[in-house]
Amino acid sequence: MFKPELISSLGRYSGRKFASDFVAGIIVGIVALPLAIAFAIASGVEPAAGLFTAIIAGFLISALGGSTVQIGGPTGAFTVIIYGIVSQFGLSGLATATVMAGILLILLGAFKMGGLVKFIPYTIVTGFTAGIAVTIAGGQLGNFFGLTPDFSSPVVLLGEEYSKMPGDFLPKMMAFAHFFGTFDLYSFLVAGVSLVFLFVWARFIKKIPGSIVVILVTTILTVVLRNMCGMEISTIGEIPTSLPSPTLPDFSLKTVTTLFPTAVSIAVLAAIESLLSAAVADGMTGDKHDSNTELIGQGIANIVTPLFGGIPATGAIARTATNIKNGGRTPVAGIVHALTLLVIVLFAGKYAAWIPMPALAAVLVNVAWNMAGFPAIRALLRGQKSDICVFSVTFLITVFVDLTVAITVGLGFAAFFFIKKMIDLSEVQSGGGISGGIGNSVNTIDMPEEKLDIPDGAMVYEIDGPLFFGTVRKFEVAVEKAGIQYKVLILRMRNTSYLDAGGIRALEQALAALGRRKVTLVLSGVHEQPRRLLEKTGMVERLGAENVCDNIALALARTRAILAS
């Protein structure tokens, strides 16, 4: 049954919650303004398209989605796909593909397939996210250095003629190199100083986003220097001060057939991005989203938005986190965020025309830096070779080929390495005289043949089988049952013969969630392969070496020591 989270939230609403949601919504709306404009420009469409998307999709995703705090709108993840679609099929083709993607998202939710997205390995998500970040940053080099590419005459790049800026990464980089002679020092100084400011600001001030300060200061500076000194710099141009009338895209059989693979790409990315954002939000708030309802809400938003000139939308992790940190706790905050943007467009849109492009380029480069996930990449590179391979392949194909191809090939590699590892481990088990198959379940301890003296204040869970990307969710559900009344959670891993980057990520998230509840995590019976990976990735150090025990007896002894202290 389709029941948006807004309905459940309003059933237990109060004036105090509204006040908190109202403040959070206004703050997020202000934060979303420069990002919506920047993502639209990076996607090769008009700035207004980003604003219309943030308003319409932001409203619908909050009103109809399955998360209490999700903020929807245009995101950096889509810029690569959108730029390619617009270059090849134009804005009409983008609208058609987005509506088709919305329909696919509704079908995914209606058939309760939201859980399938969780089976995409962590290595692949990290790889394509880093690849998108590189593409976003690379695409902004022109605005960052103030370049003015001129394609009035065809330009030969890598043996091919181009009459407009290429959509693919490598030809685009060659185009920037070709036109680097048009470098503008003033633009570069604005972009460079803005970028440095963003990094420094984020280090010392957390409450107010640096992007807002950069946009305000550089816009005022642009106007002053133009009027007083005649110094020119490229700006975003005029923004409409009203929403456009709805227009139906082309749904001819030929268009639908041609754009169907593109629509699948948009739908897959929207599903991954939105559910990933919702999962991150759950970790911050302690709530649980309904993934199928969230997909339906995302689908409706992506059907309606392109009718008003918008672009694909999904859950935005950074804006969702901003919402939570500022007190947003129900979908009302997301609705207020959309209405705040609408008021800004209606009454202050004309002033946005003076926002300098180099400043927006700096904002996008900063977004790309934060999006790349360097801590996660460093952890992966310290891990096993199969995870490094899957990450590297996904990353490189995302940058140099296509995101959809990257996910497909990455899944193929992940499946191959997993099957190989299971075969290798099965041979080792057989040789060692260990009987029994490898399961995929996570169970509470219930073994009558064992007489375990589990002290009060402790809980024991056992993982029966490998902890990898396919079983991570079961592990997470089990950990969630460890309520605040427990002070120690013993995770028994005697039957866990294999661990991958997704399993490490699940342990990291469990450690963080339990830490917030002041619950200590103790591992018991860790096998050789999981132990090596735990050591290489630094998890042993974060857990505490004394909390990684060889057997259940030592784990129980350690638990008693923790409880006694």
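The values are calculated or read from the model by the stated rules, or taken from the named source; none is laboratory data. Since the model is a prediction, treat every value here as computed from it, not as a measurement. For neighbour counting, all protein chains shown are included, and Cβ atoms are generated from backbone atoms with ideal geometry for every residue, glycine included. Heavy atoms of the whole protein, side chains included, go into the accessibility calculation; ligands, DNA and RNA do not. Shrake-Rupley method; radii C 1.70, N 1.55, O 1.52, S 1.80 Å.
Listed values, structure above:
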{"read-out": "Phi-based couplings in Hz for the range 365-377 (Karplus 6.51, -1.76, 1.60; Gly and Pro marked x)", "value": "5, 5, 4, 4, 4, 5, 6, 4, x, 4, x, 5, 5"}
{"read-out": "Rounded to whole Å, sorted largest first: equivalent-ellipsoid semi-axes of the chain, Cα gyration tensor", "value": "44, 27, 23"}
{"read-out": "Rounded to whole Hz, the Karplus (6.51, -1.76, 1.60) HN-Hα couplings of the range 78-85, x for glycine and proline", "value": "8, 4, 5, 5, 4, 4, x, 5"}
{"read-out": "FRET efficiency estimate (nearest 0.05) - Cβ-Cβ, Leu216 to Glu541, R0 45 angstrom", "value": "0.60"}
{"read-out": "At q = 0.21, 0.22, 0.27 Å⁻¹, base-10 log of I(q)/I(0) for the range 1-52 (Debye sum, equal scatterers on each alpha carbon)", "value": "-0.78, -0.79, -0.91"}
{"read-out": "Relative contact order, percent, the range 99-182 [alpha-carbon distance under 8 Å, six or more residues apart]", "value": "24 percent"}
{"read-out": "Entries in Lys325/Lys385; Lys17/Lys518; Lys487/Lys536; Lys3/Lys206; Lys325/Lys420; Lys3/Lys350 that, when Cα-Cα distance is taken, lie over 32 Å", "value": "Lys325/Lys385; Lys3/Lys206; Lys325/Lys420; Lys3/Lys350"}
{"read-out": "Where the chain is the region considered: accessible area per residue in Å², 1.4 Å probe", "value": "44 Å²"}
{"read-out": "Cα centroid separation - the range 509-535 against the range 308-347, whole Å", "value": "36 Å"}
{"read-out": "Per-residue [θ]222 nm for the chain (sum of -39500 (n - 2.57) over DSSP H runs n ≥ 4, rounded to 500)", "value": "-20500 deg cm²/dmol"}
{"read-out": "Taking the chain and dividing mean pair separation by its residue count, relative contact order in percent (alpha carbons under 8 Å, at least six apart)", "value": "24 percent"}
{"read-out": "Euclidean distance of C-alpha centroids, the range 195-249 and the range 50-66, integer Å", "value": "22 Å"}
{"read-out": "Cα-based convex hull volume of the range 230-358 per residue, rounded to whole Å³", "value": "165 Å³"}
{"read-out": "Alpha carbon convex hull of the range 116-244, projected area averaged over orientations, nm²", "value": "13.4 nm²"}
{"read-out": "Qualifying lysines (Cα of each under 27 Å from Cα of Lys254; at least 8 residues distant if same chain)", "value": "Lys164"}
{"read-out": "Theoretical FRET efficiency, 1/(1+(r/R0)^6), r = Cβ-Cβ of Ser252 and Leu346, R0 30 Å, to 0.05", "value": "0.25"}
{"read-out": "The range 250-309: C-alpha gyration tensor shape, a/c 1.5 cut-off, then a/b vs b/c", "value": "prolate"}
{"read-out": "Test item: Cα-centred dipole of the chain, Lys/Arg +1 and Asp/Glu -1 on Cβ, debye", "value": "1260 debye"}
{"read-out": "Listed peptides 52-65, 209-222, 352-365, 181-194 by packing density, highest first (mean Cβ within 10 Å)", "value": "52-65, 352-365, 209-222, 181-194"}
{"read-out": "Distance between modelled label sites at Ser245 and Ile454, nm, 7 Å Cα→Cβ extension", "value": "6.7 nm"}
{"read-out": "Ratio of the Cα radius of gyration of the range 204-300 to 2.2 N^0.38 Å, where N counts its residues", "value": "1.72"}
{"read-out": "Amide H partners (placed H, <5 Å) of Thr314, local residues excluded", "value": "Gly73, Thr75"}
{"read-out": "Carbon and sulfur %, accessible surface of the chain computed with the full protein complex present, 1.4 Å", "value": "65 percent"}
{"read-out": "Å³ per residue enclosed by the Cα convex hull of the range 17-82", "value": "80 Å³"}
{"read-out": "Angle between the chain longest axis and helix 291-304 axis [Cα atoms, degrees, rounded to 10]", "value": "10 degrees"}
{"read-out": "At R0 = 51 Å, FRET efficiency that the Cβ-Cβ distance of Glu161 and Lys3 yields, to 0.05", "value": "0.40"}
{"read-out": "Net length gained if the chain between Arg378 and Leu411 were fully extended (0.36 nm per residue, minus Cα distance)", "value": "9.8 nm"}
{"read-out": "Cα shape, the range 177-234, gyration tensor, a/c 1.5 rule", "value": "oblate"}
{"read-out": "On Cα atoms only, tilt of 169-178 relative to the major axis of the chain in degrees", "value": "40 degrees"}
{"read-out": "Where the Cα pairs of the range 71-173 fall when distances are cut into 10 Å bins, in %", "value": "12, 32, 36, 15, 6, 0"}
